[in-house]
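Beneath this line is the structure, given in structure tokens, with notes to follow.
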Amino acid sequence: MEPILTCGLCGREISPPEQYEVGGKVICPDCAEEHTVVCRHCGERIWREQNQGDEDLPLCSDCYYDYYSQCCRCGRIMLSGDMLCLDDEDDCYCPSCYAAVSDEVIHSYSYKPEPVFHGADSRYYGVELELDGAGERTDRAAILLEIGNQGEDRLYAKHDGSLNDGFELVSHPMTLSYHREEMPWRQVLERAVRFGYLSHKANTCGLHIHVNRSAFGDTRQQQEASIGRALFFVETHWNELLRFSRRTQRQMERWAARYGRKDDPKQMLDHAKSCHAGRYACVNLTNEETVEFRMFRGTLRHGTLIAALQLVDAICEAATSLTDEEIQDLSWSGFVASLDGADVPELITYLKERRLYVNAPVGQQEEV
């Protein structure tokens with residue numbers, strides 16, 4: 001006759017065919033159902049509180065640590081070999097979270113979120129800055145975005161097929177003062193340099209600056225007239241702007257081609273509209289909501305980035321405050337003289353470095 005055993009948990013009498021042994025303790029089937037689970041990987045029965053997996057995938061401690069990992073985003077437990085990690089990160093993701101996180105870090109080229117405006121003014125600037133030479137890497141992009149955003153929607157990253165081994169940083173619209181005083185561009189650029197990225201020296205990178213069309217006037221007619229004056233200024237002072245841009249003439253022809261100067265701003269605008277230059281023009285007019293200044297070569301130097309923004313602002317100010325006749329009469333030296341007294345130290349310094357500020361050259365700092 002088989003001995004009658006007692007369940008070590010509830011005290012019920014059990015016969016050997018009904019018994020389970022867990023951690024040296026004999027228990028009945030009901031207690032086994034309530035208090036234990038079976039490791040899905042090795043088949044060992046363990047106490048529920050020792051389950052390293054979850055209800056759907058119970059695992060003993062040895063099997064969990066030897067063969068499984070947990071998604072750091074959603075908590076899903078999977079075989080370690082099926083998990084995915086971003087570059088140079090210890091934390092791993094399940095396939096669905098990896099796809100979501102990867103897309104959140106470096107978006108496709110066509111990605112265009114709802115704009116978030118920063119600062120209070122009528123004129124806003126969006127920056128597109130291309131980085132190359134140190135990888136289209138989500139881990140590095142994520143760090144740059146964390147530095148730039150600081151919990152806000154300020155900056156995002158996009159794929160750019162014109163780059164060899166990098167990506168594009170794009171800002172939401174910001175006022176000039178916000179770019180200069182509140183947006184942590186300096187820290188973003190310094191970290192990009194530490195990662196090994198290049199912009200000016202990469203020979204593949206541009207710096208593009210978008211301006212909201214509404215900044216050029218309250219009505220469509222006013223906007224068109226002001227944009228015509230901005231185009232006229234760019235064409236009239238092409239040689240100075242070419243030097244300012246740090247691009248070669250050949251690079252300009254490929255990425256930011258000029259329209260060709262006409263006799264007055266209205267003719268200039270009509271010509272720009274009729275020549276169908278597309279977006280690879282010095283001043284791109286193909287966007288519904290913005291005018292894009294594309295002349296500038298990329299840079300990872302903070303002063304140069306701010307100087308480019310200040311230059312575009314000064315051009316927009318001249319285009320909106322001067323008449324057609326006044327913009328036609330405006331010389332480069334007159335334009336530069338109009339900057340005296342303005343709070344644009346970065347622009348003044350940069351103009352001097354590029355030998356564009358009358359006769360006051362200074363030593364030129366190296367671009368990155």
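Modelling each spin label as a point 7 Å along the Cα-to-Cβ direction, I'd like the SER321/CYS74 distance in nm, to one decimal.
Result: 5.5 nm between the two label points.
Where does each of TRP255, TRP332 land when they are ordered by accessible area, with a 1.4 Å probe and the largest first?
TRP255, TRP332
Given contacts defined as C-alpha pairs under 8 Å and at least six residues apart, what's the relative contact order of the stretch 124-200, whole-number percent?
Relative contact order here is 44 percent.
Run the accessible area of the stretch 123-177 with a 1.4 Å probe and give the carbon-and-sulfur part as a rounded percent.
39
Hey, what do the phi angles of the stretch 273-286 turn into as Karplus ³J(HN,Hα) couplings, whole Hz, using 6.51/-1.76/1.60 and θ = phi - 60°, x for Gly and Pro?
Karplus values, whole Hz, x for Gly and Pro: 6, 8, 8, 6, 6, x, 7, 7, 10, 4, 10, 7, 10, 7.
Please work out how much accessible surface LEU322 shows to a 1.4 Å probe, ignoring ligands, DNA and RNA, in Å² rounded to 10.
50
What 222 nm value per residue comes from the helices of the chain, counting each DSSP H run with n ≥ 4 as -39,500 (n - 2.57) and dividing by all residues, nearest 500 deg cm²/dmol?
For the chain, the value works out to -11000 deg cm²/dmol.
Which FRET efficiency, nearest 0.05, do GLU114 and GLN187 yield, Cβ-Cβ r, R0 30 Å?
The value I calculate is 0.70.
For the stretch 292-368, what relative contact order do you get, as a whole percent, if you take Cα pairs closer than 8 Å and at least 6 residues apart?
Here the relative contact order equals 37 percent.
Report, ordered by chain and residue number, the lysines lying within cross-link reach of LYS262, taken as a straight Cα distance under 22 Å and ignoring same-chain residues fewer than 8 apart.
LYS262 reaches LYS273.
Tell me the carbon and sulfur percent of the accessible area for the stretch 1-76, rounded to whole percent, probe radius 1.4 Å.
Heavy-atom surface of the stretch 1-76 belonging to carbon and sulfur, 1.4 Å probe: 42 percent.
Could you tell me what percent of the DSSP beta bridges with both partners in the chain are antiparallel, to the nearest 5?
90
Starting from the amide H of PHE296, placed 1.01 Å from N in the peptide plane, find each other amide H under 5 Å away whose residue is 5 or more places distant or on another chain.
LEU207
The values are calculated or read from the model by the stated rules, or taken from the named source; none is laboratory data. Remember, it's a predicted structure, so these values are computed and weren't measured experimentally. A quick note on method: Cβ atoms are made from the backbone with ideal geometry, for glycine too, and the neighbour counts reach across all protein chains shown. The accessibility values were calculated without ligands, DNA or RNA, using every heavy atom of the protein model including side chains. Shrake-Rupley method; radii C 1.70, N 1.55, O 1.52, S 1.80 Å.
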